[in-house]
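Trainee: What follows is a structure written as structure tokens; I'll ask about it next.
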Amino acid sequence: MTAGGPDKQRKRVYLTVALLVLIALGFYVGFIVFMSMS
Amino acid sequence: MSAVLMDEVPHEEHPTGIKRWIFTTNHKDIGTLYLLFALMMFFVGGVMALIIRAELFQPGLQFVEPQFFNSMTTLHALVMIFGVVMPAFTGLANWMIPMMVGAPDMALPRMNNWSFWILPFAFTMLLSTLFMPGGGPAGGWTLYPPLVLQTGDAFPFVIFAIHMMGISSIMGAINVIATILNMRAPGMTMMKMPLFVWTWLITAYLLIATMPVLAGAVTMLLTDKFFGTSFFNAAGGGDPVMFQHIFWFFGHPEVYILILPAFGVVSSIIPTFARKPLFGYSSMVYATASIAFLSFIVWAHHMFTVGMPLAGEMFFMLTTMLIAVPTGVKVFNWVATMWRGSLTFETPMLFAIGFVVLFTIGGFSGLMLAMTPIDFQYHDTYFVVAHFHYVLVPGAVFSIIAAVYYWLPKWTGHMYNETVGKWHFWLSAIFVNVTFFPMHFLGLAGMPRRIPDYALQFTDFNMLATIGAFGFGFSQLLFVYVVWQCARSGKKASDQVWEGAHGLEWTLPSPPPYHSFTTAPEVK
């Protein structure tokens, strides 16, 4: 268990997942939009 | 989140029979599922390889139609990359990462279940294309337009299958990162993590950055084919070469996705059997990160012959050659770890040493291919086939086999049959070279890739390669036998299993309990 207890750990996991999903979606949509414009 | 709920709910209870495997959220069960799936697909992809090699045993057309031959080369690659090496490493990650960082399970166990169970559907769909009108995909695993757009009814199914594989990989990668960043035991700082955990963390970032790019590329293929767009259609103002750029922006980091976890495995095994700590731990971490960074700026070395500006060719040649530096650091460190160590040569160590030697041969031929003027000669020849098979078979595949032998006693609680294991290694090591070494000569002599027929002067080396391939294929049955036998019975394995093994995973009983660390261990 990381410092801060279960609630804090849960929040950190959700934050990590949200960031990673955003990065992945960004690459996917970004490449298609970039290609559409070029 | 099992880690959070661990103190509140008893997790040792779980369904039995088929329900256990379908609904499991346990990292060990899911790891086993991934590994068994990879093993099954290894034989599916292997049969395809043997069909290719049987056809190439002699010049002329013997067994299959050229269209089917091309489907075999295409599907062999897709199956081996997305169905064998990637799932096998994800299986190893599932089994070992929570145990290595002192966590009870992965951070997102339900998503873990989902990311595995997508795969059997994706590959059923991919393989079903062989039975569709127009046959399976036959334009090569790189899916270059405009050729790939000539695929028959199979086309949308292939694209959908690739999307599913991508989603599965991204979910797996998110889980690995979330676990490593948030669930380490107290005292397990980043620079105390085992190299396998480090290499997987970096691999997971590569996956998150590149799989969406592949998904974007194949989505654009789909809209070009069915919705009237012209992303890659020159007649509509698009550019087919742009597909190659996007594909290889995914494809080159993908190469490192396939090999970085292998570096982690070898960095775990060699210190154990040399009975010495890993030489240059921090330089290994930085070398891995450097390779990952460089992997994003080398992609066009796959495309030297498309007609790039000279400055572009120079840039991609030099960045590619630069990768040899961190890779050299790694090979040096493995050798330095063995130097004056108290070495013993159990099967995992044999496969790890085989990896170091044979992967380095693949690395050297890669360095040759990195040189633009030389690549003009070698491009699309069997030299390229020899190169990437050296890094993927005695590279990635040997490391997966080494990892299974290394951790199998921990997983099952039994020692495997060392004699059969050693036979497996020596037969594999000999036949892998008989298969792939002659391909260097074939390529240098000008034999092109992806053809079912060839000129007479290439016959001898092709015959040799085919004999090697069948030998290698049948040798792998020994592996199945050893794993099967070890899972059922064998000498009881101790907790530490190997005399020189260090790390949290070796403090757990063999086999470990259903949930690894119900109370977090203290790392000094």
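The values are calculated or read from the model by the stated rules, or taken from the named source; none is laboratory data. If you're wondering where the values come from, they're calculated on a predicted model, not measured in any experiment. Backbone-built Cβ (ideal geometry, glycine too); neighbour counts: all protein chains shown. Please note that ligands, DNA and RNA were not included when accessible areas were found on the heavy atoms of the full protein model with its side chains. Shrake-Rupley method; radii C 1.70, N 1.55, O 1.52, S 1.80 Å.
Trainee: For the stretch B:303-311, state whether one or more residues are within 17 Å of B:Glu254 (Cα to Cα), assigned to a helix (DSSP H, G or I) and open to solvent by less than 50 Å² (accessible area, probe 1.4 Å). Walk me through it before giving the result.
Mentor: Pass one, the stretch B:303-311, residues within 17 Å of B:Glu254 (Cα to Cα): B:303.
Now drop any that are not assigned to a helix (DSSP H, G or I), which leaves B:303.
Checking the rest, the ones that are also open to solvent by less than 50 Å² (accessible area, probe 1.4 Å) come to B:303.
Yes, the stretch B:303-311 contains at least one residue that is within 17 Å of B:Glu254 (Cα to Cα), assigned to a helix (DSSP H, G or I) and open to solvent by less than 50 Å² (accessible area, probe 1.4 Å).
Trainee: Any residue in the stretch B:352-371 that's over 19 Å from B:Met338 (Cα atoms): show its pairings with residues that are among the aromatic types (Phe, Trp, Tyr) and open to solvent by 10 Å² or more (accessible area, probe 1.4 Å) at Cβ separation under 6 Å, as long as the two are six or more apart or on different chains.
Mentor: Going by the 6 Å Cβ cut-off, the qualifying pairs are B:Leu369/B:Tyr378.
Trainee: Ok, one more. Going by the conditions given, is B:Val101 touching a residue at least 60 places away in the same chain (Cβ under 8 Å), more than 20 Å from the chain's Cα centre (by Cα) and surrounded by fewer than 24 Cβ atoms within 10 Å (Cβ to Cβ)? Reasoning before the result, please.
Mentor: Values: touching a residue at least 60 places away in the same chain (Cβ under 8 Å): yes; more than 20 Å from the chain's Cα centre (by Cα): yes; surrounded by fewer than 24 Cβ atoms within 10 Å (Cβ to Cβ): no.
Here the answer is no, as B:Val101 does not meet what is asked.
Trainee: Being without any contact (Cβ under 8 Å) to a residue 24 or more places away in the chain and either of a type outside the set (D, E, K, R) or in a helix (DSSP H, G or I) (or both) is the requirement here; does B:Val265 meet it? I'd like the intermediate steps shown before the answer.
Mentor: Numbers: without any contact (Cβ under 8 Å) to a residue 24 or more places away in the chain: no; either of a type outside the set (D, E, K, R) or in a helix (DSSP H, G or I) (or both): yes.
Against the criterion (without any contact (Cβ under 8 Å) to a residue 24 or more places away in the chain and either of a type outside the set (D, E, K, R) or in a helix (DSSP H, G or I) (or both)), B:Val265 does not qualify.
Trainee: Follow-up. Tell me the residue from B:Gly354, B:Gly341, B:Gly363 that is in contact with a helix residue (DSSP H, G or I) (Cβ under 8 Å, 6 or more places away or on another chain) and closer than 30 Å to B:Thr305 by Cα, please. Walk me through how you get there before you give the answer.
Mentor: On the way: B:Gly354 fails: closer than 30 Å to B:Thr305 by Cα; B:Gly341 fails: closer than 30 Å to B:Thr305 by Cα.
Sole residue among the options that is in contact with a helix residue (DSSP H, G or I) (Cβ under 8 Å, 6 or more places away or on another chain) and closer than 30 Å to B:Thr305 by Cα: B:Gly363.
Trainee: Quick one: B:Leu343 ticks every box in (1) in contact (Cβ under 8 Å) with a residue 12 or more places away in the chain; (2) open to solvent by less than 50 Å² (accessible area, probe 1.4 Å) bar one, so which box is it?
Mentor: With (1) in contact (Cβ under 8 Å) with a residue 12 or more places away in the chain; (2) open to solvent by less than 50 Å² (accessible area, probe 1.4 Å) applied to B:Leu343, the lone miss is (2).
Trainee: Answer yes or no: is there a residue in the stretch B:262-273 that is away from chain A (no Cβ under 14 Å), aromatic (Phe, Trp, Tyr) and in contact with a Lys or Arg (Cβ under 8 Å, 6 or more places away or on another chain). Even if it seems obvious, please write down each step before you answer.
Mentor: Filtering the stretch B:262-273 for residues away from chain A (no Cβ under 14 Å) gives B:262-273.
Next cut, aromatic (Phe, Trp, Tyr) only: B:263, B:273.
From the residues that got through so far, the ones that are in contact with a Lys or Arg (Cβ under 8 Å, 6 or more places away or on another chain) too are B:263.
Within the stretch B:262-273, one or more residues are away from chain A (no Cβ under 14 Å), aromatic (Phe, Trp, Tyr) and in contact with a Lys or Arg (Cβ under 8 Å, 6 or more places away or on another chain).
Trainee: So B:Ile177 ticks every box in (1) open to solvent by less than 10 Å² (accessible area, probe 1.4 Å); (2) more than 28 Å from B:Ile270 (Cα to Cα); (3) within 9 Å of another protein chain (Cβ to nearest Cβ) but one. Which box is left unticked?
Mentor: The number of the failed condition is (2).
Trainee: Give me the residue from the stretch B:212-256 that is small (Gly, Ala, Ser), assigned to a helix (DSSP H, G or I) and in contact (Cβ under 8 Å) with a residue 12 or more places away in the chain and, out of that set, most open to solvent (accessible area, probe 1.4 Å). Break it down stepwise before answering.
Mentor: Initial filter on the stretch B:212-256 (small (Gly, Ala, Ser)): B:215-217, B:228, B:230, B:234-238, B:251.
When the remaining residues are screened for being assigned to a helix (DSSP H, G or I), the result is B:215-217, B:234-236, B:251.
Then drop every residue that is not in contact (Cβ under 8 Å) with a residue 12 or more places away in the chain, which leaves B:215-217, B:251.
Values: B:Ala215: 21, B:Gly216: 0, B:Ala217: 0, B:Gly251: 1 Å².
Here the residue is B:Ala215.
Trainee: How many of the residues making up the stretch B:180-196 are outside any helix (DSSP H, G or I) and surrounded by 18 or more Cβ atoms within 10 Å (Cβ to Cβ)? Break it down stepwise before answering.
Mentor: From the stretch B:180-196, those outside any helix (DSSP H, G or I) are B:183-189, B:193-194; that's our starting set.
So of that shortlist, the ones also surrounded by 18 or more Cβ atoms within 10 Å (Cβ to Cβ) come out as B:183-185, B:188, B:193-194.
Adding up the residues that qualify gives 6.
Trainee: Which ones in the stretch B:472-524 are open to solvent by 20 Å² or more (accessible area, probe 1.4 Å) and of a type in the set (Ser, Thr, Tyr)?
Mentor: B:Tyr481, B:Ser489, B:Ser494, B:Thr507, B:Tyr514, B:Thr518, B:Thr519, listed by residue number.
Trainee: Yes or no: the stretch B:131-154 includes at least one residue that is of a type in the set (D, E, K, R) and in contact (Cβ under 8 Å) with a residue 60 or more places away in the chain. Step through it out loud before you land on a result.
Mentor: Restricting attention to the stretch B:131-154, the residues satisfying the condition of being of a type in the set (D, E, K, R) are B:153.
Subset that is in contact (Cβ under 8 Å) with a residue 60 or more places away in the chain: none.
Scanning the stretch B:131-154 turns up no residue that is of a type in the set (D, E, K, R) and in contact (Cβ under 8 Å) with a residue 60 or more places away in the chain.
Trainee: Now for a separate question. Check B:Pro212, B:Pro133 and return the single one that is over 21 Å from B:Ala38 (Cα atoms) and in contact with a helix residue (DSSP H, G or I) (Cβ under 7 Å, 6 or more places away or on another chain). So that I can check it myself, show each step before the final result.
Mentor: Values: B:Pro133 fails: in contact with a helix residue (DSSP H, G or I) (Cβ under 7 Å, 6 or more places away or on another chain).
That would be B:Pro212, the only listed residue that is over 21 Å from B:Ala38 (Cα atoms) and in contact with a helix residue (DSSP H, G or I) (Cβ under 7 Å, 6 or more places away or on another chain).
Trainee: Which of the residues that make up the stretch A:1-29 are modelled with pLDDT under 90, at the interface with another protein chain (Cβ under 8 Å from one of its Cβ atoms) and open to solvent by less than 60 Å² (accessible area, probe 1.4 Å)?
Mentor: Answer for the stretch A:1-29, where residues must be modelled with pLDDT under 90, at the interface with another protein chain (Cβ under 8 Å from one of its Cβ atoms) and open to solvent by less than 60 Å² (accessible area, probe 1.4 Å): A:Thr2, A:Pro6, A:Gln9.
For (1) buried (at least 23 other Cβ atoms within 10 Å of the Cβ); (2) under 24 Å from B:Phe250 (Cβ atoms); (3) away from chain A (no Cβ under 14 Å); (4) not aromatic (Phe, Trp, Tyr), each residue gets a yes or a no:
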residue	(1), (2), (3), (4)
B:Gly91	yes, yes, yes, yes
B:Trp95	yes, no, yes, no
B:Ala107	yes, no, no, yes
B:Met111	no, yes, no, yes
B:Leu127	no, yes, yes, yes
B:Phe131	no, no, yes, no
B:Asp153	no, no, yes, yes
B:Phe160	no, yes, yes, no
B:Ser169	yes, yes, no, yes
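Trainee: Taking into account only those residues within the stretch B:181-232 that are β-branched (Val, Ile, Thr) and under 18 Å from B:Phe263 (Cα atoms), which is farthest from the other protein chains (Cβ to nearest Cβ)? Explain how you work it out, then say what you get.
Mentor: Pass one, the stretch B:181-232, residues β-branched (Val, Ile, Thr): B:189, B:197, B:199, B:202-203, B:208, B:210, B:213, B:218-219, B:223, B:229.
In the following step, the residues that additionally are under 18 Å from B:Phe263 (Cα atoms) were identified as B:197, B:199, B:202-203.
Values: B:Val197: 16, B:Thr199: 18, B:Ile202: 14, B:Thr203: 14 Å.
This residue is B:Thr199.
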